[in-house]
Amino acid sequence: MKAEKRREEILSLMGNTENPLPAGVLAERFSVSRQVIVQDIAILRANGFKILSTNRGYVLEAVRAASRVFKCRHTFGEIIDEGYLIINLGGEIEDVFVNHRLYGRISARLSLKTPTHVEELYRSLVSGASKPLMSVTDGYHYHTVSAPDEAALDRIESALREKGFLIEI
């Protein structure tokens, strides 16, 4: 594999996970030495990519210029539709939170960036191990959504409204 293609794939892997990627794991995946991966990361950084080094591996710092909170309501079965809608219009679902009358604000970080992330969340909820936060507030919940620009957030807002998921605040 050529170095340029390997670097593209490294960026793709980092962009599709929240978990740090260790140089050793990347080296094994691409059948190169750890030092080659370290050099690839240096070149990617020199080309303007914000790659953070942690004690657990490399992380691609997300660059999102705009964010907005949306209040939504839908059924359990429509969780995946809501997620696809937001992701496919260029958004990232940062979190979910509810305002509980007794306990106050209850939130969970989601970091859903791809349709696969949405599917994984839905599968874990369907398994019955946990229930979505919206279940304690009759389907009402909020999402912080980030996107490259305000125009993308406007498109997401319109689509949520059209689908009947958006609750006007």
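The values are calculated or read from the model by the stated rules, or taken from the named source; none is laboratory data. What you are looking at is a predicted structure, and each value in this text was computed from that prediction instead of being measured. Ideal geometry is used to build each Cβ from the backbone, glycine not excepted, and the neighbour counts take in all protein chains shown.
General observations
- Total residues in segment 49-70, condition more than 17 Å from L11 (Cα to Cα) and in contact with an Asp or Glu (Cβ under 8 Å, 6 or more places away or on another chain): 5
- Any chance L85 is under 19 Å from the mean Cα position of the chain (by Cα), among the aliphatic types (A, V, I, L, M), at pLDDT below 90 and surrounded by 14 or more Cβ atoms within 10 Å (Cβ to Cβ): no
- Residue ID - modelled with the lowest pLDDT, chosen from residues in segment 88-107 that are closer than 18 Å to I169 by Cβ and not in a strand (DSSP E or B): R101
- For segment 13-59, a residue qualifies if it is assigned to a strand (DSSP E or B) and in contact with a Gly (Cβ under 7 Å, 6 or more places away or on another chain), and exactly one does: L21.
- Only one of the listed residues (V136, V98) is in contact with a Leu (Cβ under 8 Å, 6 or more places away or on another chain), surrounded by 11 or more Cβ atoms within 10 Å (Cβ to Cβ), outside the structural domain of A27 (by TED's automatic domain parsing) and of a type in the set (A, V, I, L, M, F, W, C). That residue is V98.
- Residue match in segment 51-59 (condition: in contact with a Phe, Trp or Tyr (Cβ under 8 Å, 6 or more places away or on another chain) and surrounded by 14 or more Cβ atoms within 10 Å (Cβ to Cβ)): yes
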